[in-house]
1. Would you please name the residue that is farthest from the ligand (Cβ to nearest atom), looking only at residues in the range 381-397 that are surrounded by fewer than 23 Cβ atoms within 10 Å (Cβ to Cβ) and touching a residue at least 60 places away in the same chain (Cβ under 8 Å)?
2. Just to verify a result, which residue in the range 433-451, among those that are under 12 Å from the mean Cα position of the chain (by Cα) and among the small types (Gly, Ala, Ser), is nearest to the ligand (Cβ to nearest atom)?
3. Cβ-Cβ under 7 Å, sequence separation 6+ or interchain: first residue in the range 56-78 and more than 15 Å from SER39 (Cα to Cα) and assigned to a loop (DSSP other than H, G, I, E, B), partner at pLDDT 95 or above and aliphatic (A, V, I, L, M). Which pairs?
4. It is to be established whether one or more residues within the range 46-65 are at pLDDT below 95 and either at positive phi or basic (Lys, Arg) (or both).
5. Taking SER465, is it small (Gly, Ala, Ser) and crowded, with 20+ Cβ neighbours inside 10 Å?
6. When you go through PRO256, PRO250 one by one, which is the residue that is over 19 Å from the mean Cα position of the chain (by Cα), modelled with pLDDT of 95 or more and closer than 22 Å to SER333 by Cα?
7. Listed residues VAL164, VAL193; which is under 15 Å from the mean Cα position of the chain (by Cα), surrounded by fewer than 22 Cβ atoms within 10 Å (Cβ to Cβ) and part of a helix (DSSP H, G or I)?
8. Being under 16 Å from PHE271 (Cβ atoms) and hydroxyl-bearing (Ser, Thr, Tyr) is the filter; apply it to the range 311-352 and report the residue that is farthest from the ligand (Cβ to nearest atom).
Amino acid sequence: MASYLFLRVAVSFIFIVTYIFATDTSSFPKNFLLGTSSSAYQIEGAWNESDKGESIWDWWTHENPNFISDGSNGDVACDSFHKYKEDVKLLNDLKVDFYRFSISWSRILPTGYANVINQEGLNYYKNLIDELLANGIEPFVTLYHWDHPEIFERMGGWTNEMMVEWISDYARIVFKELSPKVKYFATLNEPNVLCEEGYETKIKAPGKNLGSPGVFLCMHNMLKAHAKIYHIYDEEFRKHRNGTIGIVLPCSGALPKYLNDTAAVDMHFQFKCGWIAHAIFSNTGDYPQIMKSHVAENSKLAGYPRSLLPELSSEWVQYIKGTSDFFGLNHYSTWLVETVPRTKEQEWYAYSGVKESRDPSWPKAASKWLNVVPSGFREIINKIAREYDNPPIYILENGFSDRCCTFDYLRISYLHSYIKAMLLAIYEDGCNVQAYSVWSLLDNFEWSAGYTERFGLIHVNFTDSNRKRTPKWSMDWYKDVIATRKLNFTWELPTIIHI
Ligand code: GAL
């Protein structure tokens, strides 16, 4: 009897302890990875040094300074090409698990093609990787963050299907040279943003302004390119470090403007996130069915002889399906969405029939597209988990912009609320999030906003030729989060300081 009682007490004790630990929703799960992110054009500078070729961003900013808020460019940026050791020192101070950076295609292949390999350019990345590894930080390499060689743009860029081959040749060289030391690879960063803002409109390089036909074609070719790069890695290089590779998609949140309009939320998701994600992560593959039928009908109404959404052959559907080991998610903000009724004979609003707006009560960052809505983050993580059978999710960008200051308590507040939402998605909703990365380590060249919007945990003085780096409050805060592997849920905003 005594031993039975002892057993019962022991079992209850184990249950209670397990429950307490299992519900510690403020601690990161075991093996969870924390990091920071950047991209080549935004930080490296040295745009024409060491035999680097010209990229579309070099060309765009030099030819069209009026398209950049402050007329600036990335010629010098944070000068990380020369100051990478200082950057790694800062990363080491933070004690991040990984650092996400991208490779500049034209630095490695100055002609764009795989006929000339620039050893000096390659050495820059090899040295950076060695420096990271020596400091116990895993390099997380993005192959393509929007800066392809300008020569290919003159041949149509992402509207030319040959890009699939050209980028595959480049990827093979990167894998051959770097995969022995790199465990984490991302193929393409945010195809949607590049295709919408660089090909459909002219907000970003290459500024093609081709309207809807341009964006559909660009996305189609980028999707194929991603799949081909994945297969090259999977078949020829994965064995080197038993590494992992995936795509990075920008999925903003969507909340219904009108309570019952949940259809708008789903439609928004399928047209934005699902466009590429469905082809890769769903069981059936291909573009989302709703998107195929909407675009086909809308194209007809607009008088086109065929759908603007190109068809994927069944061979391509099979080839693309399953080509991502993780769901790389970049997330910043959320939209209010509403269904715009389609009237007879009239095209669907923006092809999807869903209109985006913002709630004026949402707090704002410096970037006009960035509102602070942490609940939208939790929602989108859940939506991805539901749609694609709970894949491993890596949050590869999340961050907040301001215009100044090292006392950046608004950034801390943003990051705190978003990480909290993510932890709740993990613990309360069972989502499989395995990594989180802040955009960005340093203030940097923020595309068409130039240097007017700052996302860094570290301030960079862009008028100082030495590009002095000064840690902000948020760096200390993140350092504490990493050291304790815990978010202080009771933390409150300091109210005494105002910008
Ligand atoms: C992402 C992009 C990054 C960065 C960030 C903040 O879309 O991948 O390069 O600029 O937005 O705007």
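1. ASP389
2. Taking the range 433-451 and keeping what is under 12 Å from the mean Cα position of the chain (by Cα), we get 436-440.
Still in the running and among the small types (Gly, Ala, Ser): 437, 440.
Details: SER437: 11, SER440: 7 Å.
Selected residue: SER440.
3. What qualifies is SER69/ALA449.
4. Filtering the range 46-65 for residues at pLDDT below 95 gives 50.
Checking which are either at positive phi or basic (Lys, Arg) (or both) leaves us with 50.
Yes.
5. No, not satisfied.
6. From the options PRO256, PRO250, the qualifying one is PRO256.
7. Only one candidate passes the filter, namely VAL193.
8. We begin by selecting, within the range 311-352, every residue under 16 Å from PHE271 (Cβ atoms); these are 334-340, 342, 347-352.
Narrowing the set further to residues that are hydroxyl-bearing (Ser, Thr, Tyr) leaves 334, 339, 349, 351-352.
On the way: THR334: 15, THR339: 26, TYR349: 24, TYR351: 21, SER352: 20 Å.
Per the stated criteria, the residue is THR339.
The values are calculated or read from the model by the stated rules, or taken from the named source; none is laboratory data. Predicted model only: the values in this text are computed from it and were never measured. Cβ coordinates were reconstructed from backbone atoms using ideal geometry, including for glycine residues, and neighbour counts include every protein chain displayed.
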